[in-house]
Amino acid sequence: TIKSVRRIATELRPGILDDLGLVPAIEWQAEEFQKRFSIPTHFITDVKKTIFPAGISIGLFRICQESLTNIARHACASKIEIVLNQEAENLLLRIDDNGKGFEMELPGGRKTLGLLGMKERALMMGGKFKVHSKRGEGTSVLVTIPFDIIG
């Protein structure tokens, strides 16, 4: 029980996010996910800066965490790629899996709470959120945050 409580507390707000920044935190998250679910999870980044405003760091970390949770629960994926890159004007976070995918429009126009929560987080950071998925072709989650918002 104590081990489970510690794991949950660490997942809620890992100290590495505050101590070392976003890049090491996502790297840690990918490694922990791979250990726990035995799904190869690769993290690729060209970001040199690791410390971002707290709202940006926790927002992107949570979106990554929720994406991985969705993959574990629904995707039946055999590999995952997480990319955090700097583009000309944006910070880009992309999470791709090769799982079973899903139809973007569910009956009645409903969307999952997890996807809506990620979209809301991205919007609160001043960013954009996109999901691309197709049955049998996996899913890609993309978040872009303009650098002028990050500072």
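What number goes with the only condition from (1) within 23 Å of residue 44 (Cα to Cα); (2) modelled with pLDDT under 95; (3) in a loop (DSSP other than H, G, I, E, B); (4) not polar (S, T, N, Q) that residue 99 does not pass?
So residue 99 meets the others, but not (2).
Within the stretch 129-144, is even one residue at pLDDT 95 or above, surrounded by fewer than 19 Cβ atoms within 10 Å (Cβ to Cβ) and small (Gly, Ala, Ser)?
Yes.
If you scan the stretch 31-57, which residues turn out to be out of contact with any strand residue (DSSP E or B) (no Cβ under 9 Å at 6 or more places or on another chain) and under 17 Å from residue 127 (Cβ atoms)?
If the condition is that a residue be out of contact with any strand residue (DSSP E or B) (no Cβ under 9 Å at 6 or more places or on another chain) and under 17 Å from residue 127 (Cβ atoms), then 53, 54, 55, 57 are the ones that fit.
Would you list the helices (runs of 4 or more DSSP H) that sit entirely within the stretch 1-83 and hold 3 or more residues that are open to solvent by less than 40 Å² (accessible area, probe 1.4 Å) and modelled with pLDDT of 85 or more?
The qualifying helices (runs of 4 or more DSSP H) are 22-37, 54-70.
Taking the criterion of being modelled with pLDDT of 95 or more, outside any helix (DSSP H, G or I) and either of a type in the set (Asp, Glu) or open to solvent by 80 Å² or more (accessible area, probe 1.4 Å) (or both), would at least one residue in the stretch 109-126 satisfy it?
Within the stretch 109-126 (the criterion being modelled with pLDDT of 95 or more, outside any helix (DSSP H, G or I) and either of a type in the set (Asp, Glu) or open to solvent by 80 Å² or more (accessible area, probe 1.4 Å) (or both)), the answer is no, since none of the residues qualifies.
Considering every residue within the stretch 90-100, establish whether at least one is open to solvent by 50 Å² or more (accessible area, probe 1.4 Å) and under 23 Å from residue 18 (Cβ atoms).
no
Which of (1) under 21 Å from residue 120 (Cβ atoms); (2) within 16 Å of the chain's Cα centre (by Cα) does residue 97 not meet, given it meets every other one?
In the conditions (1) under 21 Å from residue 120 (Cβ atoms); (2) within 16 Å of the chain's Cα centre (by Cα), residue 97 misses (1) alone.
The values are calculated or read from the model by the stated rules, or taken from the named source; none is laboratory data. Treat the numbers as computed from the prediction; the structure is a model and nothing was measured. We place every Cβ from the backbone using ideal geometry, glycine too, and count neighbours over all the protein chains shown. We work out accessible area using only protein heavy atoms, side chains counted, and drop any ligands, DNA or RNA first. Shrake-Rupley method; radii C 1.70, N 1.55, O 1.52, S 1.80 Å.
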